[in-house]
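For reference, the structure is listed below as structure tokens.
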Amino acid sequence: MTTGNNLSDYEKEKDTFQWSDVEKVFSWHQTGKVNVAYECVDRHVEEGRGDKIALSYSDPVRSENITYEQLKQHSNRFANLLKRLHIEKGDRVFIFLPRTPEFYASFFGVLKIGAVVGPLFEAFMTAAVQDRLDNSEAVALVTTPQLLKRVPVDQLPHLKKIILVGGEDNQQLGHYSFEKGVFQESSDFSMEWVDLEHPMIIHYTSGSTGKPKGVLHVHHAMIQHYQTGKWVLDLNSDDIYWCTADPGWVTGTSYGIFAPWLNGVTNVIRGGRFSPDDWYQTLETNKVTVWYSAPTAFRMLMGAGDEVVEKYDLSNVRHIMSVGEPLNPEVIRWGLQVYKKRIHDTWWMTETGGIVIANYPQMEIRPGSMGRPIPGVHAAIIDDNGLELPPNTMGHLAVKTPWPSLMRSIWNNPEKYKEYFQIPGWYVSGDTAYQDEDGYFWFQGREDDVINTSGERVGPFEVESKLVEHPAVAEAGVIGKPDELRGQIIKAFIALRDGYAPSEELKKEIAAFVKSGLAAHASPREIEFKDKLPKTRSGKIMRRVLKAWELGLPAGDLSTLED
Ligand code: WTA
């Protein structure tokens, strides 16, 4: 085995590391009372770093630098506003905003009063918004007048207060202007100290059955965000860091908010849409040193060509990472050529809360491998009985319980939570993988029907449910179809109702229906009409058979097929 520079350090850490050592970095290890917003923001001010830029924000029309002191004050004002509106510790407050400075001030304001924050992806449409606010019984929402149109307020009995960025007060409707509200409030706030196990954030994520699940994380998760920020993101206090993920997804919070700000770096937030020029310009203008993104984005940048890269000065970039889907060896080789840097793959999930497997900066990268487990966490390949499998054997990718950033529950759904822990002592990820002789993990696929399109997890059930709401659709089955750029695309097989004839027009109309009702990324890119869909005798659509049709493979055991 060839070794990287400091692989021996990694080996040493692996044997001796204890999470309790990380706790000692924080003052709360004495009191047991904590608030992640304090550790991300206020602490840096108290320790004399108030003038440092915390948030370097830009979009095509607005650009703003916000210091740690200002972020503290903005979030204090917002916390005071929530208090005035009688929002309480433990309440769920959702944020449905584009990633603007108001998003981040609100985010920390919610945490400062001990409420639970729920970030929503800006592109969600009505059904997606409704499911999440309904399931979480959110009492307050921060949004804009524009996005409010996608919030079915009359269907959400728990939702009492709506704070509008760029909107007006309207007492009767429970609307409060964000700007007016925060302007009236004091910038002093006395932090609500909570227990380590106090709920912090809910992220909704998809499984293969049922509605999206509310994955709950607690304040204690911060020690993993902090420490992986050091080990894997390689953050030092003078770094300028950019995570391209939206805070509606877990990467955009664990590594777009918590890890960088716990480590006191300057965090770059770029609003607006993706384009290769825009992204390279963002790296250049901000002098970004550490960059965390995703395979689909790297593939798109690769597709845009080397000439685009050459127009920009990317010489400050020191470290590049990737997460969310398999990172092709070809992309790593290309990255090495044009960025003169290796892209470091990392593996984790909404449920794991933080990075579990990674290619460390000091570690030799094996292109195509996700890397090795971080110290303090034991990941393994196991069989159905929980026995660890020998090298080069495919099995369930599992993580020994517990670890600091592991989810603590699925909101309102203890049964779903239990499903992850059916093999005693293990969290079973639903991914299959193998481990080589040197402990590197190699991703093989998903064990369930969850679709990963451009790194976004889409549950086929959610899409199917939306599809059958269309008047022409009798039945629908949805699968992920392999795609070079996006990893997978969503393909829907549809049986039409009597009186409807298949046509290209109808395909477009149905796709647009999902896009406007659920979310653009959940809309099928391909639709195929079938007279009948394969179903079990109990009426369940067999996605396995649809997949076999698609790939031209044998469909396997069909004994439960309807006829
Ligand atoms: C997939 C994103 C291959 C995997 C942080 C996992 C990956 C799911 C990788 C979680 C990787 C994540 N290589 N596949 N490096 N990282 N995945 O919850 O299937 O949105 O189970 O979390 O993405 O997606 P989630």
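My understanding is that a pair violates if its Cα-Cα distance is over 20 Å; which of LYS72/LYS180; LYS418/LYS491; LYS52/LYS340; LYS72/LYS287 do that in this structure?
Working: LYS72/LYS180 18 Å; LYS418/LYS491 30 Å; LYS52/LYS340 30 Å; LYS72/LYS287 24 Å.
Those over the limit are LYS418/LYS491; LYS52/LYS340; LYS72/LYS287.
If you take the alpha carbon radius of gyration of the chain and divide it by 2.2 N^0.38 Å, what ratio comes out, to two decimals? If you can, show how the numbers build up before the last one.
On the way: Rg = 23.6 Å, N = 563, 2.2 N^0.38 = 24.4 Å.
The reported ratio for this selection is 0.96.
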> Given VAL356, PRO404, GLY376, which one lies farthest toward the positive end of the charge dipole of the range 353-436, if we put +1 on the Cβ of every Lys and Arg and -1 on the Cβ of every Asp and Glu?
Replying inline: PRO404
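Using Cα-Cα distances under 8 Å and only pairs 6 or more residues apart, what relative contact order does the range 457-551 have, in percent?
Details: 138 pairs, mean separation 28.0, N = 95.
Computed over the range 457-551, the figure is 29 percent.
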>> Helix-only estimate, please: 222 nm mean residue ellipticity of the chain, summing -39500 (n - 2.57) across DSSP H runs of length 4 or more and dividing by its residues, to the nearest 500.
In response: -8000 deg cm²/dmol
>> Could you tell me the extents of the range 350-471's C-alpha atoms along the three principal axes, largest first, rounded to whole Å?
In response: 54, 30, 26
>> Can you find, among TRP347, SER322, VAL61, the residue sitting farthest towards the positive end of the charge dipole of the chain, where Lys and Arg contribute +1 and Asp and Glu -1 at Cβ?
In response: VAL61
>> Taking amide H atoms as placed 1.01 Å from N in the peptide plane, list the residues 5 or more away in sequence, or in a different chain, whose amide H sits under 5 Å from that of ALA474.
In response: ALA495, LEU496, ARG497
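In debye, nearest 20: dipole of the chain around its Cα centre with unit charges on the Cβ of K, R (+) and D, E (-)? Before the final figure, lay out each step's value.
Numbers: 60 positive and 76 negative charges, 147 e Å.
Computed charge dipole of the chain: roughly 700 debye.
Any chance you could run the full-extension gain for LYS400 through GLN444? It's 0.36 nm times the residue separation minus the Cα-Cα distance, nm to one decimal. Could you put the intermediate results ahead of the total?
Numbers: separation 44, 0.36 × 44 = 15.84 nm, distance 1.98 nm.
Length difference between fully extended and current span is 13.9 nm.
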> If ligands, DNA and RNA are left out, what is the accessible area of TRP442 with a 1.4 Å probe, given in Å² to the nearest 10?
Replying inline: 50 Å²
> Between SER516 and ASP188, 0.36 nm times their residue separation minus their Cα-Cα distance comes to what?
Replying inline: 113.9 nm
> Could you state the number of Å between the C-alpha centres of the range 451-476 and the range 29-58?
Replying inline: 41 Å
> Taking a 25 Å limit on the Cα-Cα distance, which of the listed pairs LYS481/LYS532; LYS481/LYS535; LYS400/LYS466; LYS481/LYS515; LYS14/LYS400 fall beyond it?
Replying inline: LYS400/LYS466
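Quick one: net charge around ARG84, please, counting Lys, Arg +1 and Asp, Glu -1 for every other residue with C-beta under 11 Å from its C-beta. Spell out each step's value before the answer.
Details: positive: ARG77, LYS83, LYS161; negative: GLU185.
Taking every other residue near ARG84 into account, the sum is +2.
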> What relative contact order, as a whole-number percentage, does the chain give when Cα pairs under 8 Å and 6 or more residues apart are counted?
Replying inline: 12 percent
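The values are calculated or read from the model by the stated rules, or taken from the named source; none is laboratory data. Just so you know, these numbers come straight off a predicted model, no measurement behind them. We place every Cβ from the backbone using ideal geometry, glycine too, and count neighbours over all the protein chains shown. All accessible areas refer to the heavy atoms of the entire protein, side chains included, with ligands and DNA or RNA removed. Shrake-Rupley method; radii C 1.70, N 1.55, O 1.52, S 1.80 Å.
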